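J.: Please find one structure pasted underneath; my questions will follow.
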Amino acid sequence: MEFSSKLLENAVYEMSQLPGIGKRTALRLVLHMLKQPSEQTLRLTSALQRVRNDIKFCSNCHNISDVVLCEICANPKRDESLVCVVEDIRDVMAIENTGQYKGLYHVLGGKISPMEGIGPQNLTISSLLTKVKEGIIKELIFALSSTMEGDTTNFYIYKQLEGTEVKTSTIARGIAVGDELEYADEVTLGRSIINRIPFENSLKSS
Ligand SMILES: [Zn+2]
């Protein structure tokens with residue numbers, strides 16, 4: 001792609017670094033911005049800068065939050081004995097949308113993936129185990145995507161729980177293997193949480 005302007009080229013290059021944005025789309029977006037009032041671009045760049053600089057993670061569940069303790073963890077109506085283990089905020093949003101879940105979450109921040117060099121120490125697993133040892137949690141619900149990495153992560157945590165009283169379960173999803181949680185429809189996902197199965201049973205069937 002030949003550019004008549006170095007400034008334009010730079011902007012297109014930076015935009016095309018985002019996932020799913022090719023050079024052509026990047027060019028279209030930048031040209032669109034040039035047609036808009038400059039305040040619009042300013043609002044966008046300042047929103048991005050603020051989310052990057054000021055974002056916090058909940059001290060209890062590690063979900064993205066604007067405050068130290070997120071709204072879910074701070075809500076006294078939520079059942080703190082029940083904790084749903086998820087990969088990231090998209091899963092929390094998907095499960096919250098079902099309106100069927102009244103427990104808390106624990107956001108791992110990813111899945112164990114030797115291929116990508118992600119080990120248990122790169123995730124929030126030790127913080128989860130610390131919480132389990134405090135004795136308030138009665139049940140952990142594994143809700144990671146049913147990929148090899150998801151299964152590995154579930155199993156790793158499950159093994160770490162040996163010798164504790166905590167119950168483990170997994171959501172019986174009516175969606176194909178490898179589908180991400182965020183794409184499951186709300187009714188199916190809600191039902192899967194209610195009809196969750198003991199984690200041990202999921203091991204026998206696989
Ligand atoms: Zn929280």
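The values are calculated or read from the model by the stated rules, or taken from the named source; none is laboratory data. Computed from a predicted structure; not experimentally measured. Cβ coordinates were reconstructed from backbone atoms using ideal geometry, including for glycine residues, and neighbour counts include every protein chain displayed.
J.: Give me a count of the residues in segment 61-73 that are part of a loop (DSSP other than H, G, I, E, B) and either over 15 Å from the mean Cα position of the chain (by Cα) or more than 14 Å from the ligand (Cβ to nearest atom) (or both).
T.: Going residue by residue through segment 61-73, those that are part of a loop (DSSP other than H, G, I, E, B) are 61-63, 66-70.
Pick out the ones that are also either over 15 Å from the mean Cα position of the chain (by Cα) or more than 14 Å from the ligand (Cβ to nearest atom) (or both) and you get 66-69.
Qualifying residue count for the region: 4.
J.: Follow-up. Among the residues of segment 193-202, are any at pLDDT below 80 and out of contact with any His (no Cβ under 8 Å at 6 or more places or on another chain)? I'd like the intermediate steps shown before the answer.
T.: Just the residues of segment 193-202 that are at pLDDT below 80, to begin with: none.
No: segment 193-202 contains no residue that is at pLDDT below 80 and out of contact with any His (no Cβ under 8 Å at 6 or more places or on another chain).
J.: If you go through segment 37-57 one residue at a time, do you hit one that is among the β-branched types (Val, Ile, Thr) and within 11 Å of the ligand (Cβ to nearest atom)? If you could, list the steps in order and put the result at the bottom.
T.: Within segment 37-57, the first condition is being among the β-branched types (Val, Ile, Thr), and the residues that meet it are 41, 45, 51, 55.
Of the ones still in play, those that are also within 11 Å of the ligand (Cβ to nearest atom) are none.
No, segment 37-57 contains no residue that is among the β-branched types (Val, Ile, Thr) and within 11 Å of the ligand (Cβ to nearest atom).
J.: Can you name the number of the only condition in (1) more than 16 Å from the ligand (Cβ to nearest atom); (2) modelled with pLDDT under 95 that Ile89 fails?
T.: The failed condition is (1).
J.: Sort out which residues of segment 59-84 are touching a helix residue (DSSP H, G or I) at 6+ places or on another chain (Cβ under 7 Å) and of a type in the set (Val, Ile, Thr), and write them in order of number.
T.: Ile64
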